[in-house]
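A.B. asks: Below: one structure in structure tokens.
The values are calculated or read from the model by the stated rules, or taken from the named source; none is laboratory data. Quick caveat: nothing in here was measured; it's all calculated off a predicted structure. In this analysis, Cβ positions are derived from the backbone assuming ideal geometry, glycine residues included, and neighbour counts consider all displayed protein chains.
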Amino acid sequence: MSPGAAGEPGDLAARAEAAVAGFTSTGSKTPEALFGGPGGPTHLVRASGARVETAGGRRLLDWTMALGAVALGYGHPRVAEAAARAARDGAVGPLPHRLEIELAERLVAGYPGAEQARFFKTGAEAVHAAVRLARVATGRERVVHAGYHGWLDGATTGAGVPAATAALWTGVAFDDGAALAAAVAGTGPGGRGGAPAAIVLEPVIERAPSRAWLEEARRLADRHGAVLIYDEIKTGFRLARGGAAERWQVAPDLAVLGKALANGFPLAAVVGRRTVMARARDTWISSTLATEFVALAAAGAVLDVWDETDVAGHLAGVGRSVLHALGQGVGGEAAARGAPWTAAGLPEMWFLRFADPQAERRFLLACVERGVLLKRGAYDFPSLAHDAAAVEETVAAIRAVTAELEPAR
Ligand SMILES: Cc1ncc(COP(=O)(O)O)c(C=O)c1O
């Protein structure tokens, strides 16, 4: 059992432990994942802008932003209104809603090289659909990938994943062109003979990719007749409307979008070249609620906001301010002071890296005491709702906690 933090109802943690398998249905929201163990708040009652209210009545400035699912701020009025209207209009029906076409047209127009779209509820599901399309298009089975792509078989390995499925997926290091080439040729570690159906890349893993790596992936895919898929679940609608493909100007065949796409409503999409997308007719990819239109309406409102506001510019500006204040990188102000963390990442998805998990835990819990919620072992995500005052509040809390914990190290 995980007792609640001071002022937080510990009975919720006990009830979660008893009633919800694994404490919560989103693995990255357990006390272990958030803080490295019990002691922090475990449940919330509402979220608004960049703030959350915990079940214990505590208000926190949040940087996890629901694991990057929210880039405009929680409960963004336009998104909430569009979703509420769609809910009142029935949410689902016997025919697909016209919103599906409108959203597909708008997504395709905003993503380099894309011609068609298809909708899903989760990122993992959409990645698997993209891989299925690649398999149909190539008649092959192997997948070479870099990064995390959700919990489904193959994209993750471990207990319960059939060995035969896991063996079809070869993981390669981020931003390593030689390793990618070897894996595609089937000669690298874990590589097996035969060209892959797909090369699936998370375009950003803790740092920006070299453009050369993306170009090498493009070249390898073309040479070996594989489908190049960018997993832009975190980078889409964050680095740019067209994600990493727009930022680094190397287009994949397919891209997977999710998270910020509908600002917290359950929606993911595969977008890409018609020749591959159209193979959806040659296999069975379908889900009852893929066409519910609350999430489609929410995503439409998100696109409206992107049309009118420089969302990417704001996210980058906020993140840059934080990283600047924290002295990003080795040799920066923080490292010089001997802080237990180093600020790293991209402005749009920054993080604090700790060498000592105990120091990390103490630090994160102390930040919560000062009203700031940072993500353990993963990104902190700026949103449109984070402003200069939020940055100041965060930097002040981080500095104060760093100074306060110094004697304990
Ligand atoms: C890059 C990437 N791909 C896929 C996924 C899986 O998405 P979901 O959790 O919506 O299934 C995630 C989730 O964190 C992700 O970051």
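A.B. asks: Residues in segment 376-406 that are within 18 Å of LEU72 (Cα to Cα) and of a type outside the set (Asp, Glu): how many?
C.D. replies: Of the residues in segment 376-406, 11 are within 18 Å of LEU72 (Cα to Cα) and of a type outside the set (Asp, Glu).
A.B. asks: Ok, one more. Residue by residue through segment 17-30, note down the ones that are surrounded by 11 or more Cβ atoms within 10 Å (Cβ to Cβ), over 19 Å from the mean Cα position of the chain (by Cα) and not in a loop (DSSP other than H, G, I, E, B).
C.D. replies: Passing the criteria: only GLU17.
A.B. asks: If you don't mind, there's one more thing I want to ask. Can you tell me how many residues in segment 255-276 are within 25 Å of ARG140 (Cα to Cα) and part of a loop (DSSP other than H, G, I, E, B)?
C.D. replies: So the first thing to find is which residues in segment 255-276 are within 25 Å of ARG140 (Cα to Cα), and the list is 255-257, 268-276.
So of that shortlist, the ones also part of a loop (DSSP other than H, G, I, E, B) come out as 273.
Result for segment 255-276: 1.
A.B. asks: Looking only at segment 264-277, decide whether some residue is assigned by TED's automatic domain parsing to the domain that holds ALA124, within 16 Å of the ligand (Cβ to nearest atom) and surrounded by fewer than 24 Cβ atoms within 10 Å (Cβ to Cβ).
C.D. replies: Checked segment 264-277: at least one residue is assigned by TED's automatic domain parsing to the domain that holds ALA124, within 16 Å of the ligand (Cβ to nearest atom) and surrounded by fewer than 24 Cβ atoms within 10 Å (Cβ to Cβ).
A.B. asks: Let me ask something else about it. Which of the numbered conditions does ALA33 fail, given that it passes all the others? Conditions: (1) crowded, with 17+ Cβ neighbours inside 10 Å; (2) more than 16 Å from the ligand (Cβ to nearest atom).
C.D. replies: (2)
A.B. asks: Given the residues ALA80, ALA84, which is the only one that is exposed (fewer than 15 other Cβ atoms within 10 Å of the Cβ), under 30 Å from ASP307 (Cβ atoms), among the small types (Gly, Ala, Ser) and within 26 Å of the chain's Cα centre (by Cα)? Break it down stepwise before answering.
C.D. replies: Values: ALA80 fails: exposed (fewer than 15 other Cβ atoms within 10 Å of the Cβ).
When all the criteria are applied, what remains is ALA84.
A.B. asks: Does any residue in segment 265-284 that is within 12 Å of ALA134 (Cβ to Cβ) come within less than 6 Å, Cβ to Cβ, of a residue that is assigned to a loop (DSSP other than H, G, I, E, B) and at pLDDT 95 or above six or more places away or on a different chain, and which pairs are these?
C.D. replies: Between residues of segment 265-284 that are within 12 Å of ALA134 (Cβ to Cβ) and residues that are assigned to a loop (DSSP other than H, G, I, E, B) and at pLDDT 95 or above, the close pairs are GLY272/ALA114; GLY272/ASP253; ARG273/GLU115; ARG273/ASP253; VAL276/ASP253.
A.B. asks: In segment 52-79, what residues are assigned to a strand (DSSP E or B), closer than 14 Å to ALA385 by Cα and either without any contact (Cβ under 8 Å) to a residue 40 or more places away in the chain or of a type in the set (Asp, Glu) (or both)?
C.D. replies: Looking only at segment 52-79, we keep the residues that are assigned to a strand (DSSP E or B), and these are 52-54, 59-62, 74.
Now drop any that are not closer than 14 Å to ALA385 by Cα, which leaves 52, 60-62, 74.
ASP62 - this is the single residue of segment 52-79 that is assigned to a strand (DSSP E or B), closer than 14 Å to ALA385 by Cα and either without any contact (Cβ under 8 Å) to a residue 40 or more places away in the chain or of a type in the set (Asp, Glu) (or both).
A.B. asks: Restricting to helices (runs of 4 or more DSSP H) lying wholly in segment 92-202: which have 3 or more residues that are away from the ligand (no atom under 15 Å from the Cβ) and surrounded by fewer than 17 Cβ atoms within 10 Å (Cβ to Cβ)?
C.D. replies: Correct list: 98-110, 163-166.
A.B. asks: Among the residues of segment 116-150, write down those that are hydroxyl-bearing (Ser, Thr, Tyr) and over 14 Å from ILE229 (Cα atoms). If you could, list the steps in order and put the result at the bottom.
C.D. replies: The initial filter retains those residues of segment 116-150 that are hydroxyl-bearing (Ser, Thr, Tyr), namely 122, 138, 148.
Answer for segment 116-150, where residues must be hydroxyl-bearing (Ser, Thr, Tyr) and over 14 Å from ILE229 (Cα atoms): just THR122.
A.B. asks: Only one of these is surrounded by 17 or more Cβ atoms within 10 Å (Cβ to Cβ), of a type outside the set (A, V, I, L, M, F, W, C) and within 14 Å of GLY264 (Cα to Cα): GLY40, GLY49. Name it.
C.D. replies: Unique residue meeting the criteria: GLY49.
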